[in-house]
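A quick write-up on the structure given underneath.
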Amino acid sequence: MLGQMVVSYNANNGLALTKTLRFDYKNAWRSAIGTHYKHDDQWTLKGGLAFEQSPVISQQEGVRVPDSNRWWVALGARYKINEAFTVDAGYSHLFFNNPGINDIDSNRRVLGTAKASANLLGVQLTWYLV
């Protein structure tokens with residue numbers, strides 16, 4: 001659990017300053033289901049769906065890292081080159097519930113919502129030595 005981060009730095013005027021960034025993240029969970037379909041000896045197709053809970057406490061949704069619960073949709077494939085090598089490729093898209101912003105500082109208050117999404121792409125070459 002990430003509670004806070006203490007940052008020490010030198011200001012432009014040479015003064016050494018310290019600032020505490022509060023996060024107070026809670027424990028969260030993620031649930032997923034996926035499947036593989038072996039098309040033939042060379043190709044395997046993959047797919048999955050997941051739901052992930054945000055660790056951000058709703059009263060402390062900041063401007064730095066707005067976050068919310070999210071759904072993952074993933075597709076991929078494996079190609080068997082030969083007995084020693086395979087190539088895997090995968091793509092995931094994350095759908096966020098528009099994260100709220102409730103960022104309160106001693107000098108300001110920011111309220112609002114953000115739009116968020118993410119695309120993840122991965123490629124992997126596996127070499128079987130045995």
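Read-outs throughout are calculated quantities, based only on the coordinates presented, and are distinct from any laboratory measurement. It should be emphasised that the depicted structure is a prediction, and the values quoted were computed from it without experimental measurement. Counting neighbours? That spans all protein chains shown, and the Cβs are built from the backbone with ideal geometry, glycine included.
Of note:
- Pairwise label distance in nanometres, Leu94 with Ala32, each label 7 Å out on the Cα-Cβ vector: 1.2
- Shape of segment 1-41, Cα gyration tensor, a/c cut at 1.5: oblate
- Rounded to the nearest 0.05, the FRET efficiency derived from the C-beta distance between Lys19 and Thr113 at R0 = 25 Å is 0.45.
- Spatially proximal lysines relative to Lys46 (Cα-Cα < 16 Å; intrachain offsets below 8 disregarded): Lys38, Lys80
- When you count the other C-beta atoms within 10 angstrom of each residue and take the mean per peptide, 85-91, 12-18, 38-44 line up highest first as 85-91, 38-44, 12-18.
- Those residues of segment 40-55 whose amide nitrogen sits under 15 Å from the label point placed on Gln124, 7 Å along Cα→Cβ: 44-48
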